[in-house]
Structures are given as C-alpha cells and as structure tokens.
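Novice: Let me begin by handing over the structure; questions about it come next.
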Amino acid sequence: MKQFDAILFDCDGVLVDSEPVSMRALDVFLARYGKQAEPAWGHRMVGRRAYDNAQMMIESFDLPLSIEQTIAEHRQLIFELVEREAKAMPYADQIIRWLNQQQIPIAVATSSPRPYLTMVLQKFGWHDCFGATVTGEEVANGKPAPDIFLRAAELLGVAAKASLVLEDAPHGVQAGLAAEATVYAVPNSVTKYLEFPPVAKYASLAEVLAELQANS
C-alpha cells in the first residue's frame, strides 16, 4: 500500500455514529408538519450540505417553511440528539490517536456546519487532534464537488492527490475522487445499502487502522 501524506476524514458516519440519529431527527421534524418519509428517503441526504437538504425537503414534502427556517429547525434537532445520544464509531478514537502518534497530518472535512463540528470534537475530546477542519459552509461547492477535500489538504500543506480520504457515503466518495485523492469507503449501518463508486471498501475503521499500521 502506498504511503499517504495526510488522512482526510469525513465526520458523520465515519468518526461519529450519527447517521441513525439524523434519520430519527428527520422523522421528528417531518412529523411536526404532518409529513412522513419512506424509510430509505433520508439516505439521499447523507453527505450533503444543509442548504441542499433543506431545499430537497421543502420540495419533496411541500413544507410551509423557507430554506432558512428549515435549516434552523432541522439543524437544532440534529444538534440536540447527536450531543445527547451519539457515540464515536468503533476505532475512531484509536485511529485518530495512532495517526497523531505517527505525526501523520489529519483533517476533518464535513458537510455539517461549524458549530456542530465544534460540538462533536469537544464531545469526544478530539478538539486538539486535527491539523485542519473544514465545513460545507466554508467552501463554494458541497460534496460531491471536490472543494472541501481540496481545501482540507491545502490547510494541511499537502496535495490532495497524495492524501487518503475516508468516507461513508457515495457523495463523499465522489468528492474525494474528484479531488484526485485515494478514497476508502467505510460504509455504516445506514449507508451500506447505497451504491458506491468503484473504490476500496472497508467494514470498519479497525480494518483501515490495521492496514495503515501494517504499512507504516
């Protein structure tokens, strides 16, 4: 396996087991307006920016809200549920700590907003672990465009094409490939049923960590 100059992590579904919580937040949000989504409808929201998801929800469910109102209300629900209930993905802490010990630069590149990312990093004690963090609101184009990974690599002072991207969702995988990075897909309980571009797939971060350690 090639050596990488940096590792670029997605957050939700890769580092934090937040996707099931987010799906429940969607159900609670829609129920307030007498709406209900099909069980798999929320999968299309994974890895996308809040603005894009809000627009999609308004159009799909004829919600009597503006995009800004939808973002604010839905975001608050997710924030509260994740802060209270979400757990770190298995081996997330171990892979972060090992990469820090090896002095391999790491970044988080997430479609989620800055206050949410700050909360997550503080919740799990990772606020000092990453050399760079980028959110979807801080780049011109969200995933599947490459902007967020290009920016994360730039902040770390490395080339995106020399980096490894770890993603759990097809949109994120597409973004990593568009940035010319090597991409490993690490699907979770929500995204494992989705169709991914042809990249290497891993069942867990434990497998990724084992491979990185074996080739260090």
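Quick note: the coordinates plus some simple rules give every number you see, no bench work behind them. Predicted, not measured: the structure shown is a model, and the values here were computed from it. Using ideal geometry, Cβ is built from the backbone for each residue, glycine included, and neighbour counts are taken over all protein chains shown.
Novice: Can you give the Rg and Dmax of the chain based on its C-alpha atoms, in angstrom?
Specialist: According to the Cα coordinates of the chain, Rg and Dmax are 16.7, 54 Å.
Novice: For every other residue with a beta carbon closer than 14 angstrom to the beta carbon of F79, add +1 if it is Lys or Arg and -1 if Asp or Glu, then tell me the sum.
Specialist: Net charge around F79: 0.
Novice: Let me have the relative contact order for segment 19-85, percent, based on Cα pairs under 8 Å that are six or more residues apart.
Specialist: 44
Novice: Also, I was wondering about something else. Please give the contour-minus-distance gain from E80 to E195: 0.36 nm per residue of separation, less the Cα-Cα distance, rounded to one decimal in nm.
Specialist: 38.4 nm
Novice: Please give the length that would be gained between D128 and S66 if that part of the chain were fully extended, namely 0.36 nm times their separation in residues minus their C-alpha to C-alpha distance (nm, one decimal).
Specialist: Gain on extension, D128 to S66, equals 18.7 nm.
Novice: Rank A54, A109, L30 by how far each Cα sits towards the positive end of the charge dipole of segment 28-134 (+1 on Lys, Arg Cβ; -1 on Asp, Glu Cβ) and give me just the farthest.
Specialist: Farthest towards the positive pole: A109.
Novice: What full-extension length gain, to one decimal in nm, is calculated for S216 and A31 as 0.36 nm per residue of separation minus the Cα-Cα distance?
Specialist: Full extension of this stretch gives 61.6 nm more.
Novice: Each label point is 7 Å from the Cα along the Cα-to-Cβ direction; what then is the distance between the points at I58 and M119, in nm?
Specialist: If labels sit at I58 and M119, their model points lie 2.3 nm apart.
Novice: Quickly rank 6-12, 80-86, 30-36, 157-163 as a protection proxy: mean count of other C-beta atoms within 10 Å, highest first.
Specialist: The most tightly packed comes first, giving 6-12, 157-163, 80-86, 30-36.
Novice: Still on this structure, please answer the following. Which net charge results when you count Lys and Arg as +1 and Asp and Glu as -1 among the other residues whose beta-carbon is under 12 Å from that of G125?
Specialist: Taking every Cβ under 12 Å from that of G125, the sum is 0.
Novice: Kindly work out what percent of the DSSP beta bridges joining two residues of the chain are antiparallel, to the nearest 5.
Specialist: 5
Novice: A further question on this structure: Rounded to the nearest 20 debye, what is the charge dipole size of the chain about its Cα centre when +1 sits on each Lys and Arg Cβ and -1 on each Asp and Glu Cβ?
Specialist: Roughly 160 debye for the chain.
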